[in-house]
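Engineer: Below is the structure I would like to discuss, written out as structure tokens.
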Amino acid sequence: MVDTIKWVGDINGHVELIDQTLLPVEFRIIEIHDVAAMWQAIKTLQVRGAPAIGIAAAFGVVLGLQKINDLAEISVAKQKLTETCVYLASSRPTAVNLFWALERMQRILDDSSIRSVQQLKERLLAETRAIRDEDAAMCRAIGRNGADFIKDGSAVLTHCNAGGLATADYGTALAVMFTAHEQGKKFRVFADETRPLLQGARLTTWELMQAGIDVTLICDNMAGYLMSQGKIDLVITGADRIAANGDTANKIGTYSLAMLAQAHHIPFYIAAPSSTFDTGIATGRDIPIEERDPDEVTRPFGRPIAPDNVKVYNPAFDVTPHQYIRAIITEAGVIHHPNSDTILQVLTR
Ligand code: MRU
């Protein structure tokens with residue numbers, strides 16, 4: 001598995017990431033040398049997926065401080081750290097992992113043992129590496145905790161991309177599938193194409209095929225028909241932000257899938273690390289939903305498909321109320337029938 005995103009070199013180094021806008025037609029690794037380029041990479045989805053953009057933002061903070069002279073006053077670097085975090089936080093609003101990672105970077109300011117700019121920079125780089133490594137470990141644990149939900153012969157439906165590309169390694173929803181596959185289970189996956197940016201068609205099928213997992217691509221509007229034909233046994237998706245009561249924001253179209261699953265008595269699961277929970281907000285109503293450029297709908301990948309100047313609404317995420325989620329699979333364990341109590345029981349044990 002190639003790293004989705006990694007730091008290259010020492011404190012004066014740079015970031016390398018897979019440009020996800022080009023996949024699967026082209027596999028290109030790009031170099032990111034400054035914080036503006038990182039902001040742009042997050043905004044344009046060159047790097048995407050909730051955990052991956054958290055890691056990207058943390059690396060962006062290190063890049064943001066590189067130009068501060070090591071002999072400068074520590075207060076100058078601290079001010080720059082705060083400004084860089086505010087700037088990176090404006091790149092995308094929904095996935096809480098971005099803000100979670102930036103808060104971790106910002107909290108380093110509380111460490112009174114840091115007295116020089118160089119010490120601060122080194123501490124920040126160490127923190128980004130910890131964020132990355134912890135995410136990789138969480139993905140593996142999610143895979144182990146969720147694999148039992150996939151039985152021999154199961155047909156799983158997934159939406160968007162919650163794989164290795166969306167995380168440090170191995171994914172969340174796809175981690176469950178990768179682990180079940182490694183356990184020798186035979187099952188098939190249906191991947192929604194995920195309009196408008198086709199993360200399912202471009203990224204999820206690519207990852208699953210590379211792993212040798214039987215995957216079939218469907219258009220988003222086919223899911224209900226497959227369910228009505230008894231062709232889907234369970235749905236597993238990732239998440240971008242989970243409120244204290246379990247309401248879950250994920251890629252637009254996830255809510256429709258959860259409703260369809262409910263109507264067809266099919267279990268609907270979310271797989272997400274603890275960094276995706278935002279216990280500071282009570283319900284999904286408080287989750288900010290990103291609205292993206294109308295061109296993504298009217299001119300997908302540069303090709304016009306709708307009349308010029310047609311009105312467009314392009315929300316990138318929706319919220320699935322917790323009562324439609326059978327369980328949330330986390331690195332700390334499985335939260336059955338998620339609500340404020342069951343979430344705290346698992347996340348704090
Ligand atoms: O707009 P994107 O591609 O960043 O949206 C990604 C998703 O919605 C994923 O399902 C989610 O981040 C989970 S990633 C493990």
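Engineer: In the range 156-200, which residues are near the ligand (Cβ under 10 Å from one of its atoms) and β-branched (Val, Ile, Thr)?
Structural biologist: Answer for the range 156-200, where residues must be near the ligand (Cβ under 10 Å from one of its atoms) and β-branched (Val, Ile, Thr): 158, 167, 172, 194.
Engineer: Which residues, counting only those in the range 135-191, are within 24 Å of residue 346 (Cβ to Cβ), of a type in the set (Gly, Ala, Ser) and buried (at least 23 other Cβ atoms within 10 Å of the Cβ)?
Structural biologist: 143, 146, 162, 163, 166, 168, 171, 173, 175, 180
Engineer: Another question, if that's okay. If you scan the range 104-119, which residues turn out to be in contact (Cβ under 8 Å) with a residue 12 or more places away in the chain, surrounded by fewer than 22 Cβ atoms within 10 Å (Cβ to Cβ) and assigned to a helix (DSSP H, G or I)?
Structural biologist: 104, 106, 108, 109, 117, 118
Engineer: Checking residue 104 against (1) modelled with pLDDT of 95 or more; (2) touching a Phe, Trp or Tyr at 6+ places or on another chain (Cβ under 9 Å), which test does it fail?
Structural biologist: (2)
Engineer: Which number in (1) among the basic types (Lys, Arg); (2) more than 30 Å from residue 315 (Cβ to Cβ); (3) within 13 Å of the ligand (Cβ to nearest atom) marks the one condition that residue 92 misses?
Structural biologist: Result: residue 92 fails condition (2) only.
Engineer: For residue 133, are the conditions met, namely being in the same structural domain as residue 81 (by TED's automatic domain parsing), without any contact (Cβ under 8 Å) to a residue 60 or more places away in the chain and among the acidic types (Asp, Glu)?
Structural biologist: yes
Engineer: Next up: Taking the conditions exactly as written (within 16 Å of the ligand (Cβ to nearest atom) and either more than 24 Å from residue 184 (Cβ to Cβ) or of a type outside the set (Lys, Arg) (or both)), does residue 212 satisfy them or not?
Structural biologist: no
Engineer: Which residues, counting only those in the range 1-52, are among the small types (Gly, Ala, Ser) and either assigned by TED's automatic domain parsing to the domain that holds residue 251 or closer than 13 Å to residue 167 by Cβ (or both)?
Structural biologist: Result: 49, 50, 52.
Engineer: Tell me whether the range 273-284 contains one or more residues that are among the charged types (D, E, K, R) and within 24 Å of residue 52 (Cβ to Cβ).
Structural biologist: Yes, the range 273-284 has at least one match.
Engineer: For residue 55, are the conditions met, namely being in contact (Cβ under 8 Å) with a residue 40 or more places away in the chain, under 14 Å from residue 5 (Cβ atoms) and in the same structural domain as residue 21 (by TED's automatic domain parsing)?
Structural biologist: Taking the combined requirement at face value, the residue satisfies it.
Engineer: Of the residues that make up the range 52-70, is at least one in a loop (DSSP other than H, G, I, E, B), crowded, with 21+ Cβ neighbours inside 10 Å and of a type in the set (Lys, Arg)?
Structural biologist: No: the range 52-70 contains no residue that is in a loop (DSSP other than H, G, I, E, B), crowded, with 21+ Cβ neighbours inside 10 Å and of a type in the set (Lys, Arg).
Engineer: Look at the range 77-103 and say how many of its residues are β-branched (Val, Ile, Thr), surrounded by 17 or more Cβ atoms within 10 Å (Cβ to Cβ) and under 20 Å from residue 241 (Cα atoms).
Structural biologist: Result for the range 77-103: 2.
Engineer: Can you name the number of the only condition in (1) surrounded by fewer than 18 Cβ atoms within 10 Å (Cβ to Cβ); (2) of a type in the set (A, V, I, L, M); (3) in contact with a strand residue (DSSP E or B) (Cβ under 9 Å, 6 or more places away or on another chain) that residue 74 fails?
Structural biologist: Going through (1) surrounded by fewer than 18 Cβ atoms within 10 Å (Cβ to Cβ); (2) of a type in the set (A, V, I, L, M); (3) in contact with a strand residue (DSSP E or B) (Cβ under 9 Å, 6 or more places away or on another chain) one by one, residue 74 breaks only (3).
The values are calculated or read from the model by the stated rules, or taken from the named source; none is laboratory data. These figures come from a predicted structure and were not determined experimentally. With ideal geometry, Cβ positions are generated from the backbone for all residues, glycine too; neighbour counts draw on all protein chains shown.
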